[in-house]
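I have placed the structure first, in the form of structure tokens, so that the comments after it can refer back to it.
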Amino acid sequence: MTNTQAWDYAIGMIKVDGLEPTQDFKEYIEKEKRGEVTMEDAKKYLDKKYKMKESADA
């Protein structure tokens, strides 16, 4: 499976749930497909964008 096929599959799985990736995320995917960023960079990007902040009470 190519990198492009893997991303197309992943986006398809998201769409099955009736969701649509944001334009920002789609642009980041295209950068990863072109080799401008690594998969590790993509993971860090997603972690930074979506990771829940720990509560001050924790």
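The values are calculated or read from the model by the stated rules, or taken from the named source; none is laboratory data. Just so we're clear, the structure is a prediction, and the values are computed from it rather than from any experiment. All Cβ positions, even for glycine, are placed from backbone atoms using ideal geometry, and neighbour counts span all protein chains on display. Side chains included, ligands, DNA and RNA excluded: accessible areas come from the protein's heavy atoms. Shrake-Rupley method; radii C 1.70, N 1.55, O 1.52, S 1.80 Å.
Odds and ends about this structure:
- Positions within region 14-29 being exposed (fewer than 12 other Cβ atoms within 10 Å of the Cβ) and either among the acidic types (Asp, Glu) or on the phi < 0 side of the Ramachandran plot (or both), in sequence order: Lys15, Val16, Asp17, Leu19, Glu20, Thr22, Gln23, Asp24, Glu27
- Among residues of region 30-52, those that are hydrophobic (A, V, I, L, M, F, W, C), under 17 Å from Gln5 (Cβ atoms) and open to solvent by less than 60 Å² (accessible area, probe 1.4 Å), counted: 1
- Options Gly18, Gly12; residue that is part of a helix (DSSP H, G or I) and at pLDDT 90 or above: Gly12
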